[in-house]
Amino acid sequence: MALNPVLGKLVSKRVVLASASPRRQEILSNVGLRFEVVPSWFKETLEKSSFTAPYEYAVETAKQKALEVANRMHVKHQRTPDVVIGADTIVSVDGQILEKPVDKQDAYRMLSRLNGKEHSVFTGVAILHCCSKDNHLEMEITDFYEETKVKFSELSEELLWEYIHSGEPMDKAGGYGIQALGGMLVEYVHGDFLNVVGFPLNHFCKKLAELYYPASKQNVQHKKCDSMPSVDTFKNLSDGKSESSDFPEHKVSSKLDSSGMCSSGAVYTSENSSTVRLGFTVPLGNQNGVSQSASKLPSKILELMDGFRASKALFVASKLKIFDHLKDKGPMKAVDVANDVGTSVCGTERLLDACASLGLLEKTSQGYSNTDSANTYLTSDGKYSLHGYIIHSNDHLWPLFTNLESAVKEGSRQNHRAFGKKADDLFKDYYHSQEVKQRFMAAMHSIAHLTARDVATAFDLSKFKSACDLGGCTGALAHELVQVYPNLKVTVFDLPEVIANTSYFQPSGQHTAPVTFVSGDFFKDNLPEADLYILSRVLHDWPDEKIHVLLSKISAVCRPGCAILVAEMVLDDEKKNRSTALLQSLNMLVQTEGKERSGCEYQALLEKHGFTNVKIRITGNLLDWIAEYEIRRKKRCRKKKKSMVIEKKRISQSYEEEVFTASNFECPYKKLEPPCPVVPLLSHRKLQLSPFYSIVLAQFSDIQKSPMM
Ligand SMILES: O=c1[nH]cc([C@@H]2O[C@H](COP(=O)(O)OP(=O)(O)OP(=O)(O)O)[C@@H](O)[C@H]2O)c(=O)[nH]1
């Protein structure tokens, strides 16, 4: 270990390489690192246009690869690794990012772009230090990138094709392997050669030195990271016992302080790196000599302060249908957009610039045009349009949220303040004003349509012949279900006012016979017969008492073998981590009597009606949590009075969480492209396993039904 004492620091740790790349495995094992290989299931589909620089894309992808593996190991395999390493290599030329070619033609396209020119190779690396506290995964993320410049000679077409036919380009970023035949194409390399091959070993070792030997980071900083810390330095420091803590010694480098301030990870590292800790709130104070000077920006707070501006910019651009105009006519100058939509030129220009800076639009010398995301999700008529939900957010949720302070003080919904109407009257409005009804249904349709695939395919539902989607609104989920399970017939059950307006939302060109619509009130009327009852985004609208009424009605019509499927956002049991779901719970506070619940809470509700065996999955998309509860009738004689403590313990042992991302789950029946934006549009840098739904599958055993407890 004399040569690599930093790597020696990892000897006693469970190190995981979250990569299938044989080159990365070879580079790291060549220097004696022992690690387990767990290839990441994260799909490299982040929206490139939302990154301002190519290396940001590589770093974010590396981070997401590592996060997916860390979380999967923690949740699914219940083995928390100590260190997870993720990496992503890309080639950047003329402002374009090149990844691995999809076929020979693509390889030719890439190599022709590189021909005779200099390009940059970026490898983003993420090092996650993980530990499990109270069964909750906590991580410190360090990331960095390395850039190497490579120049290709002028190459003939014949040579390019000969190289392509060798098969070498196919699994390599930019379509060449510098370590093999591809080396013949290269005139010069400026920088770390191994970085081009897929892993910047030198920078990685420096980073470990900074992490494990905080004293050396001053050295590193002074030298601006242009060389390895001296072997002497390593020697002196290598005797230290830094392994005792869960995270490396530099802990203070970058994390939230008690007021939520996030100190920059670049305090002592080179420009192209940062360290962030997830799930920790550590007071400033003992900073191990690292200066926490005024140069630190409270970036997290600033971002939260400004968050509403970005939301409103998106809402207004959607409301003005700017994305529709640009889809049809883009690229367009601000003045032309303003003329088309009837707005001021100066205001429109600022709005378009803001949208471009948020990654919603592209701005070039020809004008503004939609990004791919905007075309898919923001135009009003796209298959996966979120337009309806955005308008609902602007017109309905925004005024309600303006009254959040009162909602918190009073603990109740704020429809009277926001709209001058009692909640019940407003509810009637929903269904009596055609405009409000259409807007509400369009909003529900947007979300249901976008998430239906994951809800439908989270579990194997092929054994069910009939399903009833209670509160199924426009039938978006129902249509997805019959696509995935051709033998399934689905009844959508909703209020008469809703059912009367569903025709507008029916898919064209799809065989709609297996989906039927029945009107009724699920609290009052008889429920249609079915093998599977579905409650998607329904339970969160109601307080526990009403949920019991509904569940007991469902249970009353269930036969042995029937099941219930629930899809909801799910809070973590301690209600402190999943901010998207926690904010959604505030959303329910301002407008309903309901709330979001944790897996344990849903399970407790269901258990009262005889449902057991819970499985939770994380989808990775907008509705990230998927839970399956196997529900069985319990015997009448079951002792009720077992304390909640025992009950809770049993609950938490009885469900299992699984990582379930749109990118990793393969529907056993049909291989379908996931429709969801795996990365939320405006917050790709913050995607950490946050927003969520749960699905509950409840089955009857042959044991006789018990009365409700
Ligand atoms: O000269 C070379 N340039 C690049 C490579 C190899 O290219 C791939 C880059 O792809 P990526 O970073 O996405 O990594 P994957 O192979 O898909 O594995 P993950 O599981 O980590 O996603 C990488 O393998 C480089 O080694 C090369 O070999 N030579």
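The values are calculated or read from the model by the stated rules, or taken from the named source; none is laboratory data. As the structure is a prediction and not an experimental result, all values here were calculated from the model. Positions of Cβ are generated from backbone atoms using ideal geometry, with glycine treated the same way; all protein chains shown enter the neighbour counts.
Below, the figures for the structure above:
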read-out	value
Residues within the stretch 532-552 that are surrounded by 19 or more Cβ atoms within 10 Å (Cβ to Cβ) and more than 32 Å from the chain's Cα centre (by Cα), tallied	0
Qualifying position, being touching an Asp or Glu at 6+ places or on another chain (Cβ under 7 Å), surrounded by fewer than 20 Cβ atoms within 10 Å (Cβ to Cβ) and not hydroxyl-bearing (Ser, Thr, Tyr), among 527, 583, 495, 571	495
One residue from 530, 500, 476 being on the phi < 0 side of the Ramachandran plot and touching a Leu at 6+ places or on another chain (Cβ under 9 Å)	476
Tally of residues being within 21 Å of residue 45 (Cβ to Cβ) and in a helix (DSSP H, G or I) across the stretch 96-110	5
The stretch 350-366, residues that are surrounded by 17 or more Cβ atoms within 10 Å (Cβ to Cβ) and not aliphatic (A, V, I, L, M)	355, 359, 362
Within the stretch 68-81, tally of residues that are outside any helix (DSSP H, G or I) and of a type in the set (D, E, K, R)	2
Matching helices (runs of 4 or more DSSP H) fully within the stretch 395-481 where at least 2 residues are under 26 Å from the mean Cα position of the chain (by Cα) and modelled with pLDDT under 90	434-457
Of all residues in the stretch 3-27 being within 16 Å of the ligand (Cβ to nearest atom), in a helix (DSSP H, G or I) and in contact (Cβ under 8 Å) with a residue 24 or more places away in the chain, the one that is farthest from the chain's Cα centre (by Cα)	27
Hits in the stretch 94-110 (condition: among the charged types (D, E, K, R) and within 13 Å of the ligand (Cβ to nearest atom))	99, 100
Positions within the stretch 348-385 being part of a helix (DSSP H, G or I) and within 24 Å of the chain's Cα centre (by Cα), in sequence order	354, 355, 356, 357, 372, 373, 374, 375, 376, 377, 378
Residue within the stretch 306-324 that is over 23 Å from residue 397 (Cβ atoms), in the same structural domain as residue 366 (by TED's automatic domain parsing) and not β-branched (Val, Ile, Thr) present	no
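Here is a yes/no grid of residues against (1) outside any helix (DSSP H, G or I); (2) under 22 Å from residue 150 (Cβ atoms); (3) under 18 Å from the mean Cα position of the chain (by Cα); (4) more than 10 Å from the ligand (Cβ to nearest atom):
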site: 29; (1), (2), (3), (4): no, no, no, yes
site: 44; (1), (2), (3), (4): yes, yes, yes, no
site: 62; (1), (2), (3), (4): no, yes, yes, no
site: 66; (1), (2), (3), (4): no, no, yes, no
site: 84; (1), (2), (3), (4): yes, no, no, yes
site: 92; (1), (2), (3), (4): yes, yes, no, yes
site: 112; (1), (2), (3), (4): no, yes, no, yes
